[in-house]
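Single-structure report; data block below.
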Amino acid sequence: MRSMMRFFALVSLLWLMAIPAAAQSTSSSSSSSQQTQQVEAPQEAPPPPVVAPYELSAGYSFRIFTQPTSARIGMNGGYGSFDYKILSRISADAEFSAAFRGQGINGDLSIYSFLVGPQIYPFKHRRKFTPFVHVLLGEGFYRNSYPAYGGFPAAVRTDSSFSWEGGGGLDLTHSPRLAIRVFDIDYAQTKFLGNLSQANYRLSIGIVYRFGQK
């Protein structure tokens, strides 16, 4: 009888010792499985190369304009552009921009431009960040609307002249069709009201939409 009791006591002791070991083994196996899943989890693939031949872009522009008096003023406005890819790195770009500034008795000033020219993508569109440079030529338009003041009637002064701009920027690809124009910085020249040269600086940000198939 005593030997029987000793046998059961020994079996019980071994069983109690086996429970923590089994729990530890299960925990270790679960932790190892989670680590394996984390290691094997696939990374998010970058957007595929964009081959769309057309781009539309629009956004906000801030222009620094040198007036005929040589004083510089800041003007708020916007831009819109259309881009057609001729080759993998070269596109034809057409751009319209407008800028405005209220000056009280000095008039409500507006500057417009319509320019066309080549736009170059050194690394094509095969990266998430797409830099570009361009040189655009065309026509600039000047309009200043003066209010009636001190007995003088209201008046409007207008002019147009050859204009060009050169610069570049950076697009951030969001999806195969959409990109963010992080910045576009340009230096431009106009010749309004008989001035030989007027320096203009323009900073733009916007959205790019790519469409069409080759």
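If you filter segment 43-66 down to residues that are modelled with pLDDT of 60 or more, under 17 Å from the mean Cα position of the chain (by Cα) and under 18 Å from ARG126 (Cα atoms), you find that the one that is surrounded by the most Cβ atoms within 10 Å (Cβ to Cβ) is GLU55. Candidates in segment 67-77 are the residues that are of a type in the set (S, T, N, Q) and assigned to a loop (DSSP other than H, G, I, E, B); of these, the one that is least open to solvent (accessible area, probe 1.4 Å) is GLN67. Per the conditions (1) without any contact (Cβ under 8 Å) to a residue 40 or more places away in the chain; (2) farther than 26 Å from LEU56 by Cα; (3) open to solvent by less than 60 Å² (accessible area, probe 1.4 Å); (4) not hydrophobic (A, V, I, L, M, F, W, C), the sole criterion not satisfied by ARG143 is (3). Could you say whether any residue in segment 123-142 is among the aliphatic types (A, V, I, L, M), touching a strand residue (DSSP E or B) at 6+ places or on another chain (Cβ under 7 Å) and more than 30 Å from LEU178 (Cβ to Cβ)? The answer is no, given that none of the residues of segment 123-142 is among the aliphatic types (A, V, I, L, M), touching a strand residue (DSSP E or B) at 6+ places or on another chain (Cβ under 7 Å) and more than 30 Å from LEU178 (Cβ to Cβ).
The number of residues in segment 79-92 being open to solvent by 20 Å² or more (accessible area, probe 1.4 Å) and either within 30 Å of THR158 (Cβ to Cβ) or of a type outside the set (Phe, Trp, Tyr) (or both) comes to 8.
Just checking, does segment 111-133 include any residue being under 14 Å from PHE65 (Cα atoms) and open to solvent by 10 Å² or more (accessible area, probe 1.4 Å)? There is at least one residue in segment 111-133 that is under 14 Å from PHE65 (Cα atoms) and open to solvent by 10 Å² or more (accessible area, probe 1.4 Å). Checking the structure you have, find out if any residue of segment 103-126 is among the small types (Gly, Ala, Ser) and at pLDDT below 95. Yes, segment 103-126 contains at least one residue that is among the small types (Gly, Ala, Ser) and at pLDDT below 95.
The one condition from (1) touching a Pro at 6+ places or on another chain (Cβ under 6 Å); (2) on the phi > 0 side of the Ramachandran plot that ARG126 does not meet is (2). Within segment 158-177, not a single residue is more than 16 Å from SER57 (Cα to Cα), in contact (Cβ under 8 Å) with a residue 12 or more places away in the chain and out of contact with any strand residue (DSSP E or B) (no Cβ under 8 Å at 6 or more places or on another chain).
The values are calculated or read from the model by the stated rules, or taken from the named source; none is laboratory data. Quick caveat: nothing in here was measured; it's all calculated off a predicted structure. In this analysis, Cβ positions are derived from the backbone assuming ideal geometry, glycine residues included, and neighbour counts consider all displayed protein chains. These accessible areas exclude ligands, DNA and RNA; they are computed on the full protein's heavy atoms, side chains included. Shrake-Rupley method; radii C 1.70, N 1.55, O 1.52, S 1.80 Å.
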